[in-house]
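The values are calculated or read from the model by the stated rules, or taken from the named source; none is laboratory data. Quick caveat: nothing in here was measured; it's all calculated off a predicted structure. Cβ atoms come from the backbone with ideal geometry, glycine included; neighbour counts cover every protein chain shown. Heavy atoms of the whole protein, side chains included, go into the accessibility calculation; ligands, DNA and RNA do not. Shrake-Rupley method; radii C 1.70, N 1.55, O 1.52, S 1.80 Å.
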Amino acid sequence: MNEIRDGYPYFNPSFGNRPLHIVGREKELSLLRTGLAGAPATELRAPIIIGQRSFGKTAMLIEAESMAQSLGFACASVAVNRSMLQNILDGLLTSGSSAIAKKAHISDVSIGAFGVSFNVSVTREMDEVKGFQAKLGIMLDRLSERGLGGCILVDEIQPNSEELRELAQAYQHFSGRGANVSLIMAGLPRCVSSTLNDKVSTFLYRADRILLGPIATDSIYLYFKQAFGSMGIAFAEGEMLRAARLSAGMPYMMQLVGRNLSLMAPTDGEVGPSVVNEAVDLAKEKLERNVFAPCLDTMSERDITFAHAMLEDEGRSSAADLKRRLGMSDADYQQTRRRNIDNGIIVSNGYGSVSFAMPYFAEYLRREG
Ligand SMILES: Nc1ncnc2c1ncn2[C@@H]1O[C@H](COP(=O)(O)OP(=O)(O)OP(=O)(O)O)[C@@H](O)[C@H]1O
Ligand SMILES: [Mg+2]
């Protein structure tokens, strides 16, 4: 029994970790699985996961990697930077070697020998050619000879990256020739939209987009029931559901609320309304600092003025009202609206109305903006 009840391993609010369970993303996971398990060269083989800060992009990528490994892919997980292309080749090599060693082990041949010889021979072969595409081609061929595909996972995609452009071109080349390869990318809404505008590659326009919005309260509630049940933490009538609702569909918020409740739960009684309120308030403070403040930093004066004009409305704001309040021409309105949508601050609700994309953001803006 854990002496300190801090909610671990059920709740572990930090960034870039693998949660014990991916809550409420069954549809998204199933899209990823369909792509990986299906035929090569389909659009689902190159999905882009889009989500605001803390909505679970990295968590989905970690899950996708594990899914890909179990479906027979060697995987390379990288971030966009100068050494990205080299990291991809290194990652595929390491993951391929270990998958081959594992297979050899299962069939009881001398442990790891195949993995090591794969590593040495592929490295030697790659050294003989120049350029990322040629090296990747050798890698994919050699993996394929051993019954493995290649899955490349790129987190935090950035516009204006020469490396990303080169990767996209190489992917398009091999995928077009039916190679068993997959490219799964993730990024903030703003970065994804500018990357696509950046003409990285025409195929990216057609890539499947997996949008990580808020998760369902029902899913959070079910997870709370299971987690708090396992920890032996009891709640007063209706309070667990209220805590789930107040997590507002945000995975990071859910993790924070869950951890706070675990820490604050009385050892000799039920969690009541005051504990829920305090746990949620503390969670909101962290959410504001780690998610909302960085979002606000990316907004221009004009974007912020636009968002402020929305605060008069509860929920949806109509275009006509906003234009009037802002005194903006239609062209200016459309441009600012577009920027806020691309930045993941607002969403369009069909014709002529917008609302905030992130729960609690309006509340924060009212106080801070
Ligand atoms: N579906 C989910 N179920 C449970 N926990 C989740 C889920 N998605 C993410 N989390 C948890 O929420 C937190 C934030 O997730 P993650 O780091 O994946 O977000 P992110 O979108 O990559 O954020 P950033 O843009 O800052 O990189 C982590 O603690 C993660 O374990
Ligand atoms: Mg991340």
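For the chain, the Kirkwood hydrodynamic radius from C-alpha pairs, put into Stokes-Einstein at 10 °C and a viscosity of 1.306 mPa s, yields a diffusion coefficient of 70 µm² per second.
Within the full protein context, the accessible area of Arg209 is estimated at about 120 Å² for a probe radius of 1.4 Å.
Rounded to the nearest 10 square angstrom, Ile50 shows an accessible area of 20 square angstrom against a 1.4 Å probe.
For region 241-342, the Kirkwood hydrodynamic radius comes to 16.1 Å, computed from all pairs of different C-alpha atoms. Applying D = kT/(6 pi eta Rh) to region 26-212, where Rh is the Kirkwood radius over alpha-carbon pairs, T corresponds to 4 °C and eta to 1.567 mPa s, the Stokes-Einstein value obtained is 78 µm²/s. Amide H contacts of Cys75: Ser95, Gly96, Cys151, each under 5 Å away and 5 or more positions distant or on a separate chain (H built 1.01 Å from N in the peptide plane; Pro and chain starts excluded). When the chain is described by a simple charge dipole with +1 on each Lys and Arg Cβ and -1 on each Asp and Glu Cβ, the residue from Val280, Val23, Leu196 located farthest towards its positive end is Leu196.
Rounded, prolate or oblate, given the Cα gyration tensor of region 171-281, with a/c below 1.5 counting as rounded? It is prolate, given that a/c is not under 1.5 and a/b is the larger ratio. Taking a Cβ cut-off of under 9 Å around Ile138, the surrounding Lys, Arg, Asp and Glu residues balance to a net charge of -1, with basic ones at +1 and acidic ones at -1. Taking other residues whose beta carbon is less than 9 angstrom from the beta carbon of Ile50, and scoring Lys, Arg as +1 and Asp, Glu as -1, yields +2. Applied to region 59-76, the Karplus parametrisation 6.51 cos²θ - 1.76 cosθ + 1.60 on θ = phi - 60° returns per-residue 3J(HN,Hα) values of 4, 5, 5, 4, 5, 4, 5, 5, 4, 4, 4, 6, 9, x, 10, 7, 10, 10 Hz, with x for Gly and Pro. As an exercise, use a Förster radius of 41 Å and the Cβ-Cβ distance of Leu71 and Ser329 to find the FRET efficiency, rounded to the nearest 0.05. Computed FRET efficiency for Leu71 and Ser329: 0.20. Comparing mean-square fluctuations of Ala320, Ala307, Ala243 from a GNM of the chain with C-alpha springs under 10 Å, the top value falls on Ala320.
Amide H contacts of Ala234 (H built 1.01 Å from N, in plane; Pro and chain starts excluded): Val271 sit under 5 Å, all sequence-distant by 5 or more or on other chains. Measuring with a 1.4 angstrom probe and ignoring ligands and nucleic acids, Thr34 comes out at about 80 Å² accessible. By definition, a body whose alpha carbon gyration tensor gives a ≥ b ≥ c is oblate when a/c is 1.5 or more and a/b is not larger than b/c, and region 171-220 fits this oblate description. For Leu282, the shell of other residues with beta-carbons less than 12 Å away shows a net charge of 0, using +1 for Lys and Arg and -1 for Asp and Glu.
The residues Glu162, Glu239, sorted by heavy-atom accessible surface at 1.4 Å with ligands and nucleic acids left out, run Glu162, Glu239 from largest to smallest. Taking 0.36 nm per residue of separation and subtracting the current Cα-Cα distance, fully stretching the chain between Arg209 and Val120 would add 28.3 nm. Over 5 Å intervals from 0, what percent of Cα-Cα pairs in region 219-295 sits in each interval? Bins of 5 Å from zero give 3, 17, 30, 25, 14, 6, 3, 1, 0 percent of pairs. Converting the Cα gyration tensor eigenvalues of region 299-368 into ellipsoid dimensions via √(5λ) gives semi-axes, longest first, of 16, 13, 12 Å.
Residue ranges 221-227, 184-190 sort as 184-190, 221-227 when ordered by packing (mean number of other C-beta atoms within 10 Å per residue, highest first). Applied to region 161-172, the Karplus parametrisation 6.51 cos²θ - 1.76 cosθ + 1.60 on θ = phi - 60° returns per-residue 3J(HN,Hα) values of 9, 4, 5, 5, 4, 5, 4, 4, 5, 5, 4, 4 Hz, with x for Gly and Pro.
This model, with +1 at the C-beta of Lys and Arg and -1 at the C-beta of Asp and Glu, gives region 219-295 a dipole about its Cα centre of some 320 debye. Between the listed residues Ser353, Gly72, Gly147, the Cα displaced farthest toward the positive end of the dipole of the chain, a dipole computed from Cβ unit charges relative to the Cα centre, is found at Gly147.
Can you tell me how region 62-104 classifies by the Cα gyration tensor, rounded, prolate or oblate, using a/c under 1.5 as the rounded cut? Oblate, since a/c reaches 1.5 and b/c is not below a/b.
Ligands, DNA and RNA are left out, and with a 1.4 angstrom probe the accessible area of the chain is 47 Å² per residue. Here's how it looks for Ile210: its modeled amide H is under 5 Å from those of Ile48, Ile49, Ile50, which are all 5 or more places away or on a different chain.
Extension gain for Glu162 to Asn12 (0.36 nm times residue separation, less C-alpha to C-alpha distance): 50.4 nm.
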